[in-house]
Protein chains: 2
Amino acid sequence: MKAEIIAVGTELLLGQVVNTNATFLSEQLADLGIEVYYQTVVGDNQQRLEELIALAETRSELILLCGGLGPTEDDLTKEATAAHLGKSLIQNTEGYKKLLAYFETTHRKMTKNNLQQSQIIEGGVPLPNRTGLALGTFYQTDTHAYILLPGPPNELKPMFVEQVRPLLEERFPSEEKLISKVLRFYGIGESRLVTELKDLIETQINPTIAPYAKPNEVTLRLTVKTKDVQAGNQALLALEEKIQERVGEYFYGYGDDNSLAKVVVELLKANKQTVTAAESLTAGAFQAALGDIAGVSDVFPGGFVTYSLQTKAGFLEIDPELLAEYGTVSKECVEQMAIQAREIARTDYSVAFTGVAGPDMLEGHPAGTVWIAISSKDGVVSEKYHFARDRAAIRYNAVMQGFDLLRKQLLRK
Amino acid sequence: MKAEIIAVGTELLLGQVVNTNATFLSEQLADLGIEVYYQTVVGDNQQRLEELIALAETRSELILLCGGLGPTEDDLTKEATAAHLGKSLIQNTEGYKKLLAYFETTHRKMTKNNLQQSQIIEGGVPLPNRTGLALGTFYQTDTHAYILLPGPPNELKPMFVEQVRPLLEERFPSEEKLISKVLRFYGIGESRLVTELKDLIETQINPTIAPYAKPNEVTLRLTVKTKDVQAGNQALLALEEKIQERVGEYFYGYGDDNSLAKVVVELLKANKQTVTAAESLTAGAFQAALGDIAGVSDVFPGGFVTYSLQTKAGFLEIDPELLAEYGTVSKECVEQMAIQAREIARTDYSVAFTGVAGPDMLEGHPAGTVWIAISSKDGVVSEKYHFARDRAAIRYNAVMQGFDLLRKQLLRK
């Protein structure tokens, strides 16, 4: 089944509100195995909305409309849809009672406009609104189904999950299930990853491979459509093996809700080991990323931000003469930072960062020059990098690279 | 002039990415006095994209396409638009040079696919990409204009602001100018701000007032449409005065590209003063926010992340008995952290954070309990807060509050 999502609201077209409803509904529909081909935003204008519904009917069987169910003059999604279908709007008794009760409890004055909120399209299934007042409607014809949902996300989401999903599963049962697996890669660009997997991607039918690039990482979503869960999982596994053979060296973990920092924290926890950091150009961003993860206190006692030469010498007790001789953007400096931070914080590992965030040059090195060192009981190792783009990207790159270096060290044990 | 925005990308239709580009572009176009009637999202499918461009031409004169300029097979916005216009794609020399230089500097391997990124539609104006590799194109016919922009927001935004805006202003000049002024507020919620200004907002015609809520701050964009720049500026000033009278205590600065951290760094620079930090639950996020600002080394030498009791005692030389007696989530602890950090780092100011990021309780305090202290030559002051929501929000709230406390101290001098 093909679906499309129409969000109604001039505030969306003025850029005052982000259309997160479309994202949420798309994700939910993908999960139900319903394909979304279009998302459209249209203003509070009855003619344009009716035209859009007519267009949507030529492309999709399921049409979801969100927004415009409220009490103001601008709210005309129900009117436009009913007019297009040649139906009237009728009061829903349960919805009307809830409306009355709300205004009684809150001692607010109910206006005539509020009555709109408890109307539904004649012949449709009312969708009660647990977290608000405007009723939704589910309306089905021989060829199409229409779902009208309220605009506020805190009303739309529970209405969809609690009522629309079961209704869709009942009315449009799908024998086939979608099973997905997300593989995460670091250190390889999207274009190179896609080139390495070109033949697999070009011949994909089922399972499918969807690459997606985020800053500094690429994910591959493998999805299989199947009636047989076990066979589906096996097909995913077989595909994953082919992928791992070619680009496995860049793979670091599974799942939507994962990150290099999470993988590192899990490895440290499993090893019962700890880490500290000494950060110059990243100025605490590596440690802040550790702090994002609940329960990180088991593996991270704290660390240092040594932005100036003086704090490198002072906090980390590094010989100022060494810093003067080699400069702060040097192998010698970053290795001393790592060694001393580990020593002072008494941790198993430490990661140190120094370099040039830019935009200006520093000590004769161009912006993007970054040294990263890792110290452990086995000694200290360091690497020099040249990151590109702006200050924010250079610092973010450095943090990600620090996590990846540490991850590789932890895996080597 | 009527415009519409087409975002291209299957990841948007799968609900994996929120379409913030449409919001940004809508806001920018509104600001230019260009009306947006539709936003549409379509997948990485050449036929559907070409059909959509043809449809858009029947409704709008200006068509903005975003996404699909990258190097993979999926990226076909340029191909589809060129095919629809009956034009070919040509290599842009400047873009090609930049591409080569990027792969040389970063020592990465360039693939044939990457060449797509430096192509533009024949006869179009190339739009260089300051923060990425894929070129944009501006293409104009007798009846329509087409603007192709990259999908990553950090590439699309500077390209639009720096290149597309001046181009639109030049090619489609409007007799009336829009003059805007952005006021930024911290410490007041959007609903309260709007309530305080209710009569001004309800009677607005010219200038207009557009409130916009970001996490932890609210901005008001005042916009006047005028042929007389001086009169327009005076109208904005008169409106701003009314607003400042009512909610001026929450105002902290002007402009889109501003933040509490920037204001703090500017004040410190103006005073020739310095700051350090000792962070427990924020784990470096305050210092990382300082590090975001170019030139911060003049006012920030470095600081401490003291996540555990041991590092609070060790790095900051705080008496462990005090920590044991009062706990780490206490006035006594946070004030010692601030005093000692300032002492050790030899700065004019220090900011210290301790508390419970959650999700679990700590030392009997619920998640969201946060102490912040500021130490200066005038002594130490501290405040206790109860922040709500999740771990990320609690930590972000704490950082923002720390900047606001420091800002107020700096203004008091």
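The values are calculated or read from the model by the stated rules, or taken from the named source; none is laboratory data. This is a predicted model, so every value here is computed, not measured. In this analysis, Cβ positions are derived from the backbone assuming ideal geometry, glycine residues included, and neighbour counts consider all displayed protein chains. Just so you know, the surface numbers come from the protein's heavy atoms only, side chains and all, with ligands and any DNA or RNA stripped out. Shrake-Rupley method; radii C 1.70, N 1.55, O 1.52, S 1.80 Å.
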| note | Scalar couplings 3J(HN,Hα) for region A:374-381 by Karplus 6.51 cos²θ - 1.76 cosθ + 1.60 (θ = phi - 60°), nearest whole Hz, x for Gly and Pro, are 10, 10, 8, 4, 7, x, 10, 10
| query | According to the square roots a ≥ b ≥ c of the eigenvalues of the Cα gyration tensor, what is the shape class of region B:204-272, taking rounded for a/c under 1.5, prolate for a/b larger than b/c otherwise, and oblate for the remainder? | reply | prolate
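Explain nothing, just the number: relative contact order of chain B, from Cα pairs under 8 Å at least 6 residues apart, as a whole percent.
9 percent.
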| remark: Ranked by GNM mean-square fluctuation in chain B (Cα springs under 10 Å), the top entry among B:LEU183, B:LEU133, B:LEU32 is B:LEU133
| request: From other protein chains only, count the Cβ atoms within 10 Å of every residue's Cβ in A:273-282, then give the mean. | output: 2
| Averaged across the residues of B:4-16, what count of C-beta atoms belonging to other chains lies within 10 Å of each residue's C-beta? | 6
| field | Averaged over A:188-196, number of beta-carbon atoms from partner chains that fall within 10 Å | value | 6
| request: Would you mind checking B:LYS272/B:LYS377; A:LYS109/B:LYS214; A:LYS109/B:LYS198; A:LYS157/B:LYS157; A:LYS214/B:LYS98 for any pair whose Cα atoms are more than 23 angstrom apart? | output: A:LYS109/B:LYS214; A:LYS157/B:LYS157
| Bridge type composition, region A:1-129 - antiparallel percent by DSSP, nearest 5 | 20
| message | Going Cα to Cα from B:LYS227, which lysines come in below 16 Å? Please leave out same-chain ones fewer than 8 positions away. | response | B:LYS177
| query | Who wins for biggest fluctuation among B:GLU104, B:GLU175, B:GLU50 in a Gaussian network model of chain B, springs between alpha carbons below 10 Å? | reply | B:GLU104
| request: Nearest 5 is fine: what % of DSSP beta bridges in chain A come out antiparallel, could you say? | output: 65
| remark: With +1 on the Cβ of every Lys and Arg and -1 on the Cβ of every Asp and Glu, the dipole magnitude of region B:281-374 about its Cα centre, in debye rounded to the nearest 20, is 180
| Hey, got the dipole for chain A? About the Cα centre, +1 on K and R Cβ, -1 on D and E Cβ, debye to the nearest 20? | 580
| request: Quick one: among A:LEU178, A:LEU55, A:LEU149, which has the greatest mean-square fluctuation in a GNM of chain A with alpha-carbon springs under 10 angstrom? | output: A:LEU55
| said: I need the peptides A:90-99, B:331-340 ranked by packing, meaning the mean over residues of other C-beta atoms within 10 angstrom, with the highest value on top. | reply: B:331-340, A:90-99
| task | Pop out the Kirkwood hydrodynamic radius of region A:100-190 from its pairwise C-alpha distances, inverse of mean 1/r, in Å to one decimal. | result | 16.3
| Which percent of the accessible area of region A:23-178 is formed by carbon and sulfur heavy atoms (probe 1.4 angstrom)? | 49
| query | Accessible area lost on pairing B with A, both sides, 1.4 Å probe, Å² to nearest 100? | reply | 5400
| message | With only alpha-carbon pairs counted, each pair once and no self-pairs, how large is the Kirkwood hydrodynamic radius of chain A in angstroms? | response | 25.4
| note | Under the helix-only model (-39500 (n - 2.57) for each DSSP H run of 4 or more, divided by the residues of chain B), the mean residue ellipticity at 222 nm, to 500 deg cm²/dmol, is -12000 deg cm²/dmol
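How big is the charge dipole of region B:1-143 about its Cα centre, in debye rounded to the nearest 20, if each Lys and Arg gets +1 on its Cβ and each Asp and Glu gets -1 on its Cβ?
In total the dipole reaches around 560 debye.
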| At each listed q (0.06, 0.08, 0.09, 0.10 Å⁻¹), what is the log10 of I(q)/I(0) that the Debye formula gives for the protein assembly as shown modelled as equal alpha-carbon point scatterers? | -0.44, -0.81, -1.04, -1.28
